[in-house]
Amino acid sequence: QGGTYTVDEVVALGLSRIYQNQVSGGGIAYYPDLKANYHLTLSVLNSLIDLKSAGYAVDEKVMASAAQYLLRTLTNDRRIFDNKNTVILSAYTLTRLPEYQNNSFLTTSIAGIVADTKFLRENISSNSLAHLAITVSRGYSASAKSAVFQSLESRLVIDSRGSHLGEQSGSYLFEYYETPVKNT
C-alpha cells in the first residue's frame, strides 16, 4: 500500500501471519478458521527452521507444535504415511530439529524406503530424492547412503549449461509445490 519495509519488518509481518494461521492441533492452515494442511505445515516448518538458522527470533512453541502435528499425523493417517515421498519430506523436516534426530519411527520408515529399490530408482520424485540424500547423510549406513546417492547421480542431467535433476515423469509431488523449475 505504498509503504516500504526493511527485510526484518517483512519477516516479522510474515511470521505474525503464519502464527495466526496455526490451528489448535499445531498444523498450519491456509487461512484462519480452516483445517490444517499437512504439506503446508511441512513447508512452513522448514521456513521457520531456516529463519531461525538465519538469526531471526522464531516462536519455539509454534515450531514444536507444528512438529508434533506432523509426527502425529504421519503416524496416524494412512493416506499420509502410504505416500513415501511425503514420509521422506516429513523425516527430512523433523530431523532438522534436534529432538527428532534419533526418532526410531522416522529412522525405520526411511530405512524401509531406501530398501525399496524400485521406488528409489523409478518412482521417487526428484524433490524427495534430494531430500532423502540429505536425510540419509546424517547417521544412516554406508549402504543406504550409497543406494540413495547412486539413484540421485543416475537422475542427474549434465549438459553444456551445467547440471540439474532430470524429470521423473509422473512423479511430481504437487502437494509439496514441486515443479520442474523448483527441482532445477
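Points worth noting:
- For the chain: accessible area per residue (Å², 1.4 Å): 57 Å²
- Neighbour net charge for GLU99 - beta-carbon separation under 15 angstrom, K R +1, D E -1: +4
- Listed values [x] 61; [y] 43; [z] 37, entry calculated as percent of Cα pairs over 24 Å apart: [y]
- Total lysine pairs whose alpha carbons fall under 27 Å of each other in the chain (8 or more apart, or interchain): 12
- When you count the other C-beta atoms within 10 angstrom of each residue and take the mean per peptide, 111-122, 78-89 line up highest first as 78-89, 111-122.
- Assigned charges on the beta-carbon of Lys, Arg, Asp, Glu; the stretch 81-138 dipole about Cα centre (debye): 120 debye
- Computed over the chain, relative contact order equals 15 percent, with contacts defined as Cα pairs under 8 Å that lie 6+ residues apart.
- Relative to the longest principal axis of the Cα atoms of the chain, helix 84-94 runs at roughly 50 degrees.
- Using the Karplus relation 6.51 cos²θ - 1.76 cosθ + 1.60 with θ = phi - 60°, the per-residue 3J(HN,Hα) values for the stretch 136-152 come to 6, 6, 10, x, 9, 5, 4, 5, 5, 4, 4, 4, 5, 5, 5, 5, 5 Hz, with x marking Gly and Pro.
- ³J(HN,Hα) computed for each position of the stretch 105-114 - Karplus, 6.51 cos²θ - 1.76 cosθ + 1.60, integer Hz, glycine/proline x: 4, 5, 4, 5, 5, 5, 4, x, 5, 4
- Cα gyration tensor shape of the stretch 8-49, rounded if a/c is under 1.5, else prolate or oblate by comparing a/b with b/c: oblate
- Förster radius 25 Å - calculated FRET efficiency between ASP8 and SER137 (Cβ-Cβ, nearest 0.05): 0.15
- Rounded to 10°, Cα long-axis angle of helix 7-20 versus longest principal axis of the chain: 90 degrees
The values are calculated or read from the model by the stated rules, or taken from the named source; none is laboratory data. In this text, all values refer to a predicted model and were calculated from it rather than measured experimentally. We place every Cβ from the backbone using ideal geometry, glycine too, and count neighbours over all the protein chains shown. For the accessible areas, the whole protein counts, side chains as well, though only heavy atoms, and no ligand, DNA or RNA atoms are used. Shrake-Rupley method; radii C 1.70, N 1.55, O 1.52, S 1.80 Å.
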